[in-house]
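Chemist: Pasting a structure below so you can have a look.
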Amino acid sequence: GRRTARVSASAAWSLGRNAIVPSVEIQKSFDPPDNFLDQYFLGGLGRLSGLGRNELLGVQGGLARIVYYRELLRIDLGSLSQKVYAGASIESGNAYDAHDAVTWNSLNFGGSVFLGVDSLIGPVFLGVGLTDGGNNRLYLAIGERF
């Protein structure tokens, strides 16, 4: 069978209306992928935000990021309470082929700034993502966390 190791970790700290959420993930494949979906994908909101969704792929890769949230407003409607917040992310990572060297210079760096609402249909984000090399994206994400 195909051998792949994937490790991810995240934490969250809050102080008043502020929250910081660092996370890291690493995938290493020891055998060639069986199919396209066995690859490691990067790109999209919070995953090198200036790139398109799953724009980078390889048999291995990793991502480190820190996301900052600031609660701007709480709309208290009983069980329908909603929070409005602003935030930013700093992200670094890449996807690699089997024999690529993983070096500091090979990493991509990016980030995002956004406004978000915890709504009845899930989180809603409106933001802009940037990644080195001049890549940028405008996001409207509904029901998707990062």
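The values are calculated or read from the model by the stated rules, or taken from the named source; none is laboratory data. What you see is a predicted model, and the numbers here were worked out from it, not measured in a lab. Virtual Cβ from ideal backbone geometry, glycine too; neighbours counted across all protein chains shown. Just the protein is used for accessible areas: all its heavy atoms, side chains included, with ligands, DNA and RNA removed. Shrake-Rupley method; radii C 1.70, N 1.55, O 1.52, S 1.80 Å.
Chemist: Is it the case, given these coordinates, that residue 111 is under 18 Å from residue 137 (Cα atoms) and either touching a His at 6+ places or on another chain (Cβ under 7 Å) or not in a strand (DSSP E or B) (or both)? First the steps, then the outcome.
Modeler: On the way: under 18 Å from residue 137 (Cα atoms): yes; either touching a His at 6+ places or on another chain (Cβ under 7 Å) or not in a strand (DSSP E or B) (or both): no.
Criteria not met by residue 111.
Chemist: Right, next: I need the full set of residues from the range 97-146 which are modelled with pLDDT under 90 and among the charged types (D, E, K, R), in order please.
Modeler: 97, 100, 118, 144, 145
Chemist: Still on this structure, please answer the following. Pick from the range 57-68 the residues that are open to solvent by 40 Å² or more (accessible area, probe 1.4 Å) and either of a type in the set (A, V, I, L, M, F, W, C) or on the phi > 0 side of the Ramachandran plot (or both): which of them is modelled with the lowest pLDDT?
Modeler: Residue satisfying both the conditions and the ranking: 57.
Chemist: While we're looking at this one, here's another question. Out of 53, 74, 70, which single residue is over 21 Å from the mean Cα position of the chain (by Cα) and among the basic types (Lys, Arg)?
Modeler: Numbers: 53 fails: over 21 Å from the mean Cα position of the chain (by Cα); 70 fails: over 21 Å from the mean Cα position of the chain (by Cα).
Going through 53, 74, 70 in turn, just one is over 21 Å from the mean Cα position of the chain (by Cα) and among the basic types (Lys, Arg): 74.
Chemist: To continue, here is another question. Any chance you could count how many residues in the range 119-142 are of a type outside the set (S, T, N, Q) and open to solvent by 50 Å² or more (accessible area, probe 1.4 Å)? Spell out how you get there, then give the answer.
Modeler: Start the filter on the range 119-142 by keeping residues that are of a type outside the set (S, T, N, Q), which leaves 120-130, 132-134, 137-142.
Within this subset, residues satisfying the condition of being open to solvent by 50 Å² or more (accessible area, probe 1.4 Å) are 120-121, 126, 128, 130, 132-134, 137-138, 140, 142.
Residues that pass the stated criteria total 12.
Chemist: For a quick check of your reading of the model, give me the residue pairs whose first member lies in the range 75-94 and is outside any strand (DSSP E or B), whose second is not charged (D, E, K, R), with beta-carbon atoms closer than 8 Å and at least 6 apart or on different chains.
Modeler: Going by the 8 Å Cβ cut-off, the qualifying pairs are 80/120; 81/75.
Quick grid of which residues meet (1) more than 11 Å from the chain's Cα centre (by Cα); (2) among the hydroxyl-bearing types (Ser, Thr, Tyr); (3) farther than 23 Å from residue 141 by Cα:
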residue: 7; (1), (2), (3): yes, no, yes
residue: 13; (1), (2), (3): yes, no, yes
residue: 20; (1), (2), (3): yes, no, no
residue: 47; (1), (2), (3): no, no, no
residue: 65; (1), (2), (3): no, no, no
residue: 96; (1), (2), (3): yes, yes, yes
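Chemist: Taking the criterion of being touching a Lys or Arg at 6+ places or on another chain (Cβ under 8 Å), crowded, with 20+ Cβ neighbours inside 10 Å and touching a residue at least 60 places away in the same chain (Cβ under 8 Å), would at least one residue in the range 28-40 satisfy it?
Modeler: Scanning the range 28-40, I find at least one residue that is touching a Lys or Arg at 6+ places or on another chain (Cβ under 8 Å), crowded, with 20+ Cβ neighbours inside 10 Å and touching a residue at least 60 places away in the same chain (Cβ under 8 Å), so the answer is yes.
Chemist: Moving on to the next point. In the range 28-54, how many are in contact with a Ser or Thr (Cβ under 9 Å, 6 or more places away or on another chain) and either assigned to a loop (DSSP other than H, G, I, E, B) or at pLDDT below 85 (or both)?
Modeler: 13
Chemist: Considering only the range 65-93, state which residues are under 14 Å from residue 44 (Cα atoms) and of a type outside the set (Val, Ile, Thr).
Modeler: Matches in the range 65-93: 65, 89, 91, 92, 93.
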